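The values are calculated or read from the model by the stated rules, or taken from the named source; none is laboratory data. Just so it is clear, the model here is predicted, and its values are computed rather than measured. Note that each Cβ is placed from the backbone with ideal geometry, even for glycine, and that neighbours are counted across all protein chains shown. Accessible surface areas use protein heavy atoms only, side chains included; no ligands, DNA or RNA. Shrake-Rupley method; radii C 1.70, N 1.55, O 1.52, S 1.80 Å.
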Amino acid sequence: MDSNRTALPFREFSHRISLVFMLTLAAALLLLGRAETYVFDRARQVVTDLAAPLLEVASRPVAATRRVIERTDEYAYVFDENERLRAENARLLAWKEEALKLQAKVARYEALLNVQVDPAINYVSGRVVSDSGGPFVDTVLVNVGSDKGAESGQAVIDTDGLIGRIVSTGPKASRVLLLTDLNSRVPVIIEPAHYNAVLAGDNTAWPRLEYLAAQSAVSPGDRVVTSGDGGLIPAGLPVGLVIQTSDGGLRVQTFSDRGRLDFVRVLQYEFPSQVKRQDPPQVLKGPPVTSAPPPGPVTLPGPGTAGTNTGSNAGGASPAPTAGAQ
């Protein structure tokens with residue numbers, strides 16, 4: 001006998017019983033809920049209180065998973081933001097370097113402008129580029145050439161004072177002979193006593209003072225400026241301070257320092273040699289000649305009176321008879 005056929009009627013009966021039971025329970029609960037509402041509310045609250053811890057425990061993995069997803073998104077955003085900030089930081093560092101360079105350049109230009117020069121003297125600003133060597137010992141090259149008006153003999157100053165003069169020029173650059181070179185000779189004045197001398201370089205850091213009067217009262221610390229003699233270098237440019245060596249000689253500690261030469265000015269100075277022509281004074285020819293006074297009026301005599309002509313009878317001639325005389 002087949003066992004499946006035997007169990008089939010029992011299974012169908014059990015299904016019918018279960019359906020009837022569930023329908024009966026639902027109807028009973030519906031009627032009971034309408035009749036006693038507070039009972040169902042109470043039961044619902046009890047069930048909620050009992051299920052709350054379970055729901056909380058069940059929601060923790062979901063919340064953890066959500067936090068992990070959010071953190072992952074945050075990490076991805078932070079990574080992108082970090083890359084962006086790194087690129088921006090690199091750009092800012094480049095701008096910072098440019099700003100520092102410009103700041104240093106502006107400071108050098110401001111210091112260069114502090115050197116007092118006659119406003120009537122034109123100048124061209126340049127920069128010391130290198131020292132390529134040559135027949136001189138202490139020289140430098142500046143990027144100011146003949147195309148900008150540089151000429152041999154023009155004075156060159158930096159932020160501290162006179163550094164030398166141009167000895168040769170090219171289209172784009174010029175060679176500057178420094179004050180310390182053996183071939184350098186610059187006429188100077190020692191202040192405040194106003195003694196004239198010549199600053200002569202000897203390839204040392206302290207040029208000598210030559211052709212200084214023996215009776216001059218020059219002491220260490222006196223200021224040395226250019227005198228302007230010769231018409232090549234303007235007068236009054238600061239040069240340095242007088243120092244005294246161990247052997248008693250007088251030298252000059254220049255304001256300019258070759259080790260930190262940077263921006264310079266080439267002074268386009270022209271000595272005012274054009275003088276107006278003056279004619280010789282006129283030759284005097286004696287006292288001036290005065291003209292004779294004009295003749296006076298003629299007076300006619302009245303009747304019965306001998307007339308006189310003072311204007312025409314100065315020699316004593318008799319006057320002419322009047323019109324009525326017989």
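Listed values, structure above:
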read-out	value
Candidates Thr6, Thr72 - the one that is modelled with pLDDT of 70 or more and open to solvent by less than 90 Å² (accessible area, probe 1.4 Å)	Thr72
Odd one out for Ala323, checked against (1) at pLDDT 60 or above; (2) in a loop (DSSP other than H, G, I, E, B)	(1)
Residue within segment 189-212 that is modelled with pLDDT under 90, of a type outside the set (Asp, Glu), within 32 Å of the chain's Cα centre (by Cα) and open to solvent by less than 20 Å² (accessible area, probe 1.4 Å) present	no
Any hit, segment 251-263, residues being of a type in the set (Phe, Trp, Tyr) and over 28 Å from Val129 (Cα atoms)	no
Residues satisfying the stated conditions in segment 142-157, i.e. in contact with a Ser or Thr (Cβ under 7 Å, 6 or more places away or on another chain) and crowded, with 23+ Cβ neighbours inside 10 Å	Val142, Val144, Ala150
Residues located in segment 39-90, provided they are within 26 Å of Leu29 (Cα to Cα) and β-branched (Val, Ile, Thr)	Val39, Val46, Val47, Thr48
Sole residue being at negative phi and exposed (fewer than 13 other Cβ atoms within 10 Å of the Cβ), chosen from Gly221, Gly230, Gly248, Gly259	Gly259
Residue match in segment 162-172 (condition: free of Cβ contacts under 8 Å to residues at least 24 places away in the same chain, in the same structural domain as Phe255 (by TED's automatic domain parsing) and surrounded by fewer than 19 Cβ atoms within 10 Å (Cβ to Cβ))	yes
